[in-house]
1. Does the range 26-35 include one or more residues that are modelled with pLDDT under 95 and not in a helix (DSSP H, G or I)?
2. Take the residues in the range 224-251 that are out of contact with any helix residue (DSSP H, G or I) (no Cβ under 7 Å at 6 or more places or on another chain) and within 19 Å of Leu155 (Cα to Cα); name whichever of them is most open to solvent (accessible area, probe 1.4 Å).
3. Return the only residue of Ala151, Ala161 being in contact (Cβ under 8 Å) with a residue 40 or more places away in the chain and touching a Lys or Arg at 6+ places or on another chain (Cβ under 7 Å).
4. Within the range 179-192, can you find the residues that are touching a strand residue (DSSP E or B) at 6+ places or on another chain (Cβ under 9 Å) and open to solvent by 80 Å² or more (accessible area, probe 1.4 Å)?
5. Looking only at the range 294-349, filter to residues that are of a type in the set (Phe, Trp, Tyr) and open to solvent by less than 10 Å² (accessible area, probe 1.4 Å); which one of those is nearest to Gln283 (Cα to Cα)?
6. Quick one: how many residues across the range 301-360 are acidic (Asp, Glu) and in a loop (DSSP other than H, G, I, E, B)?
7. Please go through the range 86-137 and give me each residue that is open to solvent by 10 Å² or more (accessible area, probe 1.4 Å), at pLDDT 95 or above and within 14 Å of the chain's Cα centre (by Cα), ordered by number.
8. Picking from Leu362, Leu396, which residue would you name as being at pLDDT below 95, in contact with a helix residue (DSSP H, G or I) (Cβ under 8 Å, 6 or more places away or on another chain) and open to solvent by less than 40 Å² (accessible area, probe 1.4 Å)?
Amino acid sequence: MKFKKLLIASSIVASSLITNIASAADTIKVGVLHSLSGTMAISETTLKDTVLMMIEEQNAKGGLLGKKLEPVVVDPASNWPLFAEKTRELLAKEKVDVIFGCWTSVSRKSALPVLEELNGLLFYPVQYEGEESSKNVFYTGAAPNQQAIPAVDYLMNDIGATRWVLAGTDYVYPRTTNKVLKAYLKAKGVKDEDIMINYTPFGHSDWQGIVAEIKKFGSAGKKTAVVSTVNGDANIPFYKELGNQGISAEDIPVIAFSVGEEELSGFDTKPLVGHLAAWNYFQSVETEENEEFIANWKKFIGDDKRVTNDPMEATYIGFKMWAKAVEKVGTTDVNAVEQALIGVAVPNLTGGIAVMNANHHLSKPVLIGEIQEDGQFEVVWETADTVIGDAWSDFLESSKNLISDWTAPVSCGNFDVKTAKCSGQNF
């Protein structure tokens, strides 16, 4: 009798285990790796919600491959080493099939070695400095040639700027972007004395002295512009101080790469009217796709006052592309999906088609918008067509001969066209 009861008990446990395994296999896990606390929460929380909205919409259509998508949300808390730890948790413990996440380049570079070690797949939705191409990352934000270079061209050609302030947060994205921009400006004949570079830590709040320096630098009788790679919640006191010191867009225009509708919703924009931002998307662009996206977002978030922004569109495009590639190959296997993604095309929210290229970067339009009193942007300039993202800058000696091509026979992220050699990953 005891033996019989033991067999029954063992059968129940085994049955339970089989049910749990089957249940786990019935979902496709989607990792969400965004800071929900700390200095970057102002920007990243919205992207977490965007991924959740996309998952909900996909599940309403039946999921993928006959399975529901299951979000697995973690909070790296604006702590850069924690991004590596949370990436390992998502891949090794939670067994997610894909990750959507990171904002700062330092967070991406923290996660990158783990992604490559465990063969994970990351969609990175924010503009970045380039000088990188990993087989395990798809870069759906702008490379410098899709944001920074066109922004400088606009300021130089349309505004007449001849003196430059490169202001950024002190980490890899601003430093590398400004390295590219300084080389580009010098190639255009700008002298060293007409370039001022300044870095501040994350969360910097005391801008009085720095803004006074910018004001003084701009009083030399030459048209001066500020190119801002200031990131996170430091933008709020930065822009407030510009207003406090009476720096108008007519005097010294500021063009930002990390300030969109979400950041502007946090403060009074009246003193900022006329200042600029360079992105690949603005909420104000009128297309059917964008109107539908905005309506879906406000319904999902339950707040008609919430805005949309560029990294949200990059998240949207990346998610659509991933789903399309999974359906194409009939699996979530990273190696199969990685190759299937190359060449995938989906509509941009601003019109035209986004294409994933062999270097894991998108073809995207470039837009420059002017801040309005309501916190929205009026588009004042845009490219005639989409621009292919370039992983390696043509203006840096160290990378001008490098290309990225993840298709055979190259299959390399940093292939030197002069030596015909692949030098492996750089991160």
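The values are calculated or read from the model by the stated rules, or taken from the named source; none is laboratory data. For clarity, every value in this text was computed on a predicted model and none was experimentally measured. When we count neighbours, we look across all protein chains shown, and the Cβ atoms used for this are built from the backbone with ideal geometry, even at glycine. Just so you know, the surface numbers come from the protein's heavy atoms only, side chains and all, with ligands and any DNA or RNA stripped out. Shrake-Rupley method; radii C 1.70, N 1.55, O 1.52, S 1.80 Å.
1. Yes: the range 26-35 contains one or more residues that are modelled with pLDDT under 95 and not in a helix (DSSP H, G or I).
2. Glu250
3. Criteria check complete, one pass: Ala161.
4. Answer for the range 179-192, where residues must be touching a strand residue (DSSP E or B) at 6+ places or on another chain (Cβ under 9 Å) and open to solvent by 80 Å² or more (accessible area, probe 1.4 Å): just Lys186.
5. Checking each candidate, the answer is Trp297.
6. 3
7. Lys109
8. Exactly one residue qualifies, and that residue is Leu396.
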